[in-house]
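One structure below.
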Amino acid sequence: MNEQLQNAAQALKEKFGTEMVEFRGDVTLIVSSEKIVEVCRTLRDEFGFELLAAQTAVDYWPELEPRFHVIYQLYSLAHSVRIGLQVPLQGNAPSVATIESIYPNANWHEREIWDMFGIRFDGHSDLRRILMPYDWEGHPLRKDYPLGYEEVQFTFNYDEIDRRKPYAKE
Amino acid sequence: MGVEQKLGNMGVVTLKLEQVVNWARTNAMWPMLFGLACCAIEMMSAQAANYDMSRFGMELMRASPRQSDLMIVAGRVSRKMAPVLRRLYDQMPDPKWVIAMGDCASCGGVFNNYAIVQGVDEVVPVDVYVAGCPPRPEALIHGIITLHEKVRGETIKEWA
Amino acid sequence: MFEKTEVTLDELRHLISDRAVEGDTVLLNMGPQHPSTHGVLRLLLELDGEVVINCIPDIGFLHTGIEKNMEAKTYEKADVMTDRLDYLNTVGNNLVYCMAVEKLVELDVPLRAQAIRVILTELQRIASHLVWLGTHALDLAAMSVFLYCFREREMILDILEMCGGQRMMATYFRPGGLWRDVPVEFEDAVRHFLKAFPARIDEYDALLTKNPLFLERTRKIGVLSREDAIRWGVTGPIQRASGVAHDLRKAQPYSGYEQYDFIVPVQTDGDTYARYLVRMEEMRQSLRIVQQALDKLPYGPVRSNNRKFVPPPRSELGTSMEALIHHFKLWTEGFNAPKGGVYVAVESPRGELGVYLEGNGGPNPHRVYWRTPSFVNLQILPILSKGHLVADLVALIGTVDIVLGDVDR
């Protein structure tokens with residue numbers, strides 16, 4: 001594994017108590033939700049991970065403990081290495097601190113996570129829906145939200161579905 | 001040549017009113033720019049030099065709905081976009097026609113989920129459906145020619 | 001279902017300056033349907049006369065729910081939906097998804113497949129830059145460039161159609177390699193393209209690069225400094241035009257890119273003209289890569305032999321029992337992937353395109369997240385457009401090179 005990644009993982013384990021997981025050559029640190037801002041700041045200032053490449057969330061329903069993981073991918077331009085961070089969150093309406101002050105482009109990423117998963121970001125400047133319509137109810141990418149599948153119209157149920165489908169009149 | 005023979009000495013041609021009006025409507029039908037997604041790129045390719053659509057009278061695409069007669073819904077319509085689509089359709093003056101280009105506009109396409117309207121005929125009445133994902137420019141041109149044939153067959157009773 | 005869905009001023013109050021409420025500045029809606037927004041992008045502009053004070057993008061008009069839909073399909077069948085994200089870089093989307101699946105299940109890819117993947121990805125990069133150039137020039141009132149670019153694009157689409165059967169959404173790359181081998185005419189067609197294209201790029205150069213009208217409309221418009229580029233996480237030609245020499249093909253090479261010799265163009269001005277120069281040079285470098293890859297193309301299979309993940313060819317089904325069982329299992333149920341998440345990123349024509357793929361031990365992906373470059377790059381539009389005129393806004397949207405399928409997924 002890369003020198004710099006090893007140093008970073010070691011230093012963060014001593015300072016913040018983060019766990020390290022290695023899977024298929026990728027390094028991921030598991031960070032608790034109170035410490036995420038400090039960890040990001042340390043990674044950016046001391047170890048040179050200046051680019052926030054990706055920020056997303058994963059839902060593990062029906063397991064509720066933890067139900068969500070928020071995933072961050074940081075990239076260091078000088079050394080060309082990536083590091084991943086994982087923040088486990090419990091419950092159905094979790095919240096975590098925003099990292100918008102460290103990486104400004106987290107603004108839209110966090111809005112999207114709020115829209116799709118319902119995870120609140122404390123301290124965010126502008127938390128409102130970004131991809132769904134303004135008055136949509138529900139958070140689509142949660143596992144208990146249905147896909148919205150429409151029944152396929154074959155010849156045997158053609159007329160039934162035709163009657164139910166809302167066609168536009170003039 | 002043909003018209004002069006018919007004119008003869010009088011300088012007058014007699015036709016049915018329907019034929020003249022339908023001929024005028026088909027030969028200069030202006031589409032409204034309504035490219036949403038991937039089908040829009042194929043629509044732009046159909047407009048470009050290789051599969052020229054100006055041969056069929058569609059020299060330019062008007063961005064303003066008040067100045068166009070044909071709306072080619074090219075691409076997937078999401079639930080957020082559907083009210084906008086209906087509003088633009090209402091702003092077009094009569095006579096107007098709609099071509100649903102591509103699978104997503106005709107029936108929802110590959111995306112059978114919460115975010116896409118399953119077929120744009122839930123929002124606006126459609127005249128011609130063009131299948132394909134995305135349809136080749138030749139398929140779109142075939143759809144336009146089909147629409148022209150439909151318009152040529154219209155009678156006074158069906159006019160708005 | 002289709003009543004008006006509007007946001008009132010109270011909810012957007014924090015984004016608009018006080019002058020708008022007093023009536024000093026105008027709030028203008030550059031709506032979803034507009035000839036120059038390259039798709040369904042809505043911009044709320046706050047204008048002081050013609051000068052833009054603030055520009056608030058409103059996206060989501062093309063949200064397709066691809067990520068949730070892919071969770072409902074098996075890994076191989078979800079490949080079909082990947083083309084439709086960034087629809088100008090269809091082959092590149094396929095590539096990153098297949099690379100993510102291959103990393104997750106540790107599947108090998110033969111060398112011939114890697115080389116053909118590189119050739120088609122670079123040709124797709126040229127096609128995407130041609131559409132960018134055509135529409136950018138069209139917005140700046142150079143219509144003939146639009147027609148020329150689409151004429152060239154037809155040549156590339158013919159090559160893609162020859163390999164994959166479809167001009168745009170071929171889904172030619174599958175986990176483990178390619179769907180089938182390239183036909184016999186492929187090499188001649190690509191060589192013909194390589195011979196004809198450099199003269200065409202020189203034609204566009206002659207039309208635009210020293211053109212005083214074009215220079216007037218693109219010099220010093222939308223300057224992005226180096227620090228801002230890194231802070232806002234922009235990648236791709238925008239980052240390289242602001243002085244950051246970074247390209248994922250060189251920094252973290254994939255699919256055999258380390259064997260090819262090419263340079264990464266960098267400019268330091270950070271304005272629209274610099275981004276134009278970077279993309280034009282990228283087209284020339286892509287031609288170099290295609291030339292090298294085609295010359296070194298090795299012989300061999302085009303898809304992995306691992307029958308646990310790759311369905312067997314149909315010719316084997318009549319003779320081998322295992323082949324029949326594998327075929328049945330893989331096409332009905334699909335292969336299982338282990339628990340764990342991987343993140344793979346490639347260099348698309350717009351920037352870093354990444355996939356975070358997480359498996360859960362079953363045949364369907366648990367989470368597919370697409371880190372799309374246009375979503376991240378669009379955030380800098382308010383910064384680029386402060387202080388410019390409304391007419392420059394059109395040039396700026398073109399130079400950020402967004403594709404709305406990428407932004408809204």
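The values are calculated or read from the model by the stated rules, or taken from the named source; none is laboratory data. From a predicted model like this one, the values you see are computed outputs, not experimental measurements. Cβ placement follows ideal geometry from the backbone for every residue including glycine, while neighbour counts extend to all protein chains displayed. To get the accessible areas, we keep the full protein, side chains included, count just its heavy atoms, and leave off ligands, DNA and RNA. Shrake-Rupley method; radii C 1.70, N 1.55, O 1.52, S 1.80 Å.
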Inter-site label distance for C:Ala391 and C:Val21 at 7 Å from Cα along Cβ, in nm: 3.5
Rounded to whole Å and ordered largest first, report the semi-axes of the equivalent ellipsoid of region C:49-197 derived from its Cα gyration tensor (root of 5λ). 30, 25, 11
For region B:1-87, accessible area per residue (1.4 Å probe, heavy atoms of protein chains only), Å²: 50
What ratio of Cα Rg to 2.2 N^0.38 Å holds for region B:97-160? 1.25
Result for region A:1-130: accessible area per residue, probe 1.4 angstrom, in square angstrom, of 39
Folded to 0 to 90 degrees: helix C:90-105 orientation relative to chain C principal axis, Cα: 50
Structure-based [θ]222 nm, chain C - -39500 (n - 2.57) summed over DSSP H runs of at least 4, per residue, nearest 500: -14500 deg cm²/dmol
How large is the direction-averaged shadow of the alpha-carbon convex hull of the protein assembly as shown, in nm²? 37.2
How many angstrom lie between the C-alpha centres of region B:92-149 and region C:178-240? 33
Protein accessible area in region B:17-160, 1.4 Å probe - carbon and sulfur %: 55
Taking every DSSP beta bridge with both residues inside the protein assembly as shown, roughly what % is antiparallel (nearest 5)? 75
Here region A:46-119 gives, from Cα atoms, an Rg and Dmax in Å of 13.2, 41
Relative frequency of Cα-Cα separations exceeding 21 Å in region C:80-163, percent: 39
Would you compute, from DSSP H runs of 4+ residues alone, the mean residue ellipticity of chain B at 222 nm, taking -39500 (n - 2.57) per run and dividing by the full residue count, rounded to the nearest 500? -10500 deg cm²/dmol
Compute accessible area for region C:334-370 by itself and then with all protein chains, 1.4 Å probe, and report residues whose area falls by 30 Å² or more. C:Tyr343, C:Glu352, C:Tyr356, C:Glu358, C:His366, C:Arg367, C:Tyr369
In degrees rounded to 10, the 0-90 angle between helix C:186-208 Cα long axis and the longest Cα principal axis of chain C is 10
Rounded to whole angstrom, the alpha-carbon centroid of region A:1-72 lies from that of region C:48-80 at a distance of 27
Chain C - Kirkwood radius from inverse mean 1/r over Cα pairs (Å): 22.7
Carbon and sulfur atoms: what percent of the 1.4 Å accessible area of chain C do they account for? 55
Compute the Cα gyration tensor for region C:245-378, then decide on rounded, prolate or oblate, letting a ≥ b ≥ c be the square roots of its eigenvalues: rounded whenever a/c is under 1.5, prolate when a/b is larger than b/c in the other cases, and oblate in all that remain. oblate
Per 0.36 nm of contour for each residue apart, how much would the distance between C:Met162 and C:His14 grow if the chain were fully extended, relative to their Cα-Cα spacing? 48.0 nm
Does anyone have the angle between helix C:321-332 and the longest principal axis of chain C? Alpha-carbon axes, 0 to 90°, nearest 10? 20
For the pairs C:Lys68/C:Lys296; A:Lys13/C:Lys339; A:Lys13/C:Lys77; B:Lys80/C:Lys339; C:Lys68/C:Lys308, flag any whose C-alpha to C-alpha distance is greater than 32 Å. C:Lys68/C:Lys296; A:Lys13/C:Lys77; B:Lys80/C:Lys339
Dividing the convex hull volume of the Cα atoms of region C:319-397 by its residue count, what figure in Å³ per residue is obtained? 154
Accessible area per residue for region C:257-325 in Å², computed with a 1.4 Å probe and the full protein assembly in place, what is it? 50
Global form of chain B, assessed from the alpha-carbon gyration tensor, a/c cut-off 1.5: prolate
Per 10 Å bin, what is the whole-percent P(r) computed from every C-alpha pair distance within region A:1-107? 14, 50, 30, 6, 0
